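Heads up, the thing below is written out as structure tokens.
The values are calculated or read from the model by the stated rules, or taken from the named source; none is laboratory data. If you're wondering where the values come from, they're calculated on a predicted model, not measured in any experiment. Heads up, the Cβs are rebuilt from the backbone with ideal geometry, glycines too, and the neighbour counts pull from every protein chain shown. Heads up: the accessible areas ignore ligands, DNA and RNA and are worked out on the full protein's heavy atoms, side chains in. Shrake-Rupley method; radii C 1.70, N 1.55, O 1.52, S 1.80 Å.
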There are 2 protein chains.
Amino acid sequence: MQKQWDIDSLTADIVKRIKKQTLADKNGKLPSERKLMAYYNVSRYALRQALGKLSKNGYIYQIQGRGSYIHEHHDQTNSINQSDLGFTEDLAREGKSIQTVSAFQRIVPFSEIDFSPGNQQFSDDQLFVEIERFRTLENKPYLVEHSYYLPEIVGEISEEAMYGSMFDYLSKEKGLTVGFIDKFIRCELLTESYATFFHLETNMPSLTVRDDSYLREGELVAFSKVYYDYRDATLFMHKKLLE
Amino acid sequence: MQKQWDIDSLTADIVKRIKKQTLADKNGKLPSERKLMAYYNVSRYALRQALGKLSKNGYIYQIQGRGSYIHEHHDQTNSINQSDLGFTEDLAREGKSIQTVSAFQRIVPFSEIDFSPGNQQFSDDQLFVEIERFRTLENKPYLVEHSYYLPEIVGEISEEAMYGSMFDYLSKEKGLTVGFIDKFIRCELLTESYATFFHLETNMPSLTVRDDSYLREGELVAFSKVYYDYRDATLFMHKKLLE
DNA sequence: GAGTGGTCTAGACCACTTA
DNA sequence: AAGTGGTCTAGACCACTCC
């Protein structure tokens, strides 16, 4: 009995072989789709779904009539890959440790919130769970995450969760699945308290990412703003044209 | 003879109908895939490719077992949508006019370049065409674009091109097609000359986007850095999870 | 159980590149 | 002419939601 591949495991296996350098030739050229179909014993559709994912994320590029090639991209040290990005950057990245050094939680009405989601309005007395988390990367101040959760959806948030991954917490403890996120990236000036955390002066800048997070069902579950130390943070993105 | 749809025209038509509000019901729910297949007389594959594009760009979201729904997103005023983004943001956006108010071109060796592409090194005497463009949005200083082109690939760049769209120029005049771009987003402090253009003080911040642009064939053709006025620039991105 | 989106197969033809 | 990726069809079964 031969191994059955689905698209996810197929994608993972191709990535593994690319990294182990056992798939492409010395010019970075992959075997043709027909050969890969035969090798993995999958249909054209399944194979192309897998290659499409790699292509979208910048691992490979494909040229009609010529073949598929590996795209050697940058060293991703200290850069946040948007394609891998979770909730509000809750992924522990290769060999790096992100820790929450302090966190605050309180309940506030909409009228006291200083930023709001892109496409939705609330009544002034709508309550939100406000969470502020100060986080370090390799023991160095790295980001401040300022979030508002809809209490009707998430309920109470435990103290332990605030020091771990909110994304995992919502999924495992609350059974909530985030389906998509709108992101707004800006550069803003720091207030005194955030600047102090980064050992910067007031009004020094910060790279900020505003997220509106929606459940799989399309309901807004949280909106947040993350302030990164501008000296360390780089967002990486790969853009495919001609689609 | 019925109209034949390909995926692009199908996608465009669905977008058009969504905008005209003649496709979804009052709850924002689209007809089922089977119904749309019948309506457009296309296969499941073609239809799902089209819906997949809309879904990826945040126009709709799909829920297994329930249906497809419109996602009303934000007001995109003054925000740069990464999914629509061209070369270095050369698209004239809805009703807004971007103009180049001054531009400089010179030839420099690699050794005099102050930033470099993510994954490639050049010898110190490799020459580049350096272009600096100062651009306004609605007659207000908006961005400075600092680019380096490989002369072996692009050849000479005409004066007119420098005041128009570099993307169109490469494509129409030089027959070069950009296939993909690596992007690195940061927040940086402005030097005096750039700050002056934005009517800001030296060391005020800027939202920057570094691009490495590759031809369809995988060859690096240019790398650039765009400095945006941090007060006006917002990058928008839609992220689909669970793929 | 009926209807929805998600996954996958087998096969065809087209557009492009290379020789 | 042969080989490559790009597009598209027809059909099947699965997982999930709703009644």
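Points worth noting:
- Cross-link partners of residue A:20 among lysines (Cα-Cα below 16 Å; sequence separation of 8 or more within a chain): A:29
- Separation of alpha-carbon centers, segment B:6-37 and segment A:159-200, rounded to whole Å: 35 Å
- Computed over the alpha carbons of segment B:79-236, Rg followed by Dmax gives 15.0, 44 Å.
- Mean separation of Cα contacts under 8 Å, 6 or more apart, over the residue count of segment B:7-70: relative contact order %: 38 percent
- Contact order, relative form, for chain B: 17 percent (alpha carbon pairs under 8 Å, 6 or more residues apart, mean separation divided by residue count).
- Relative frequency of Cα-Cα separations exceeding 17 Å in segment A:7-70, percent: 30 percent
- Using only side-chain charges placed at the Cβ, +1 for Lys and Arg and -1 for Asp and Glu, the dipole size of chain A relative to its Cα centre rounds to 2180 debye.
- Normalised by the number of residues in segment A:159-243, the mean separation of alpha-carbon contacts (under 8 Å, six or more apart) gives a relative contact order of 24 percent.
- Unit charges at the beta carbon, dipole of the protein assembly as shown: most positive-side option, A:134, B:233, B:4: B:4
- Between B and A, accessible area buried - total, square angstrom, nearest 100, 1.4 angstrom probe: 4600 Å²
- Within the accessible area of chain A (1.4 Å probe), percent carbon and sulfur: 47 percent
- Cross-linked pairs B:56/B:239; A:3/A:26; A:56/B:239: Cα-Cα separations exceed 18 Å for A:3/A:26.
- Largest-first principal axis extents of the Cα set of the protein assembly as shown (Å): 62, 62, 48
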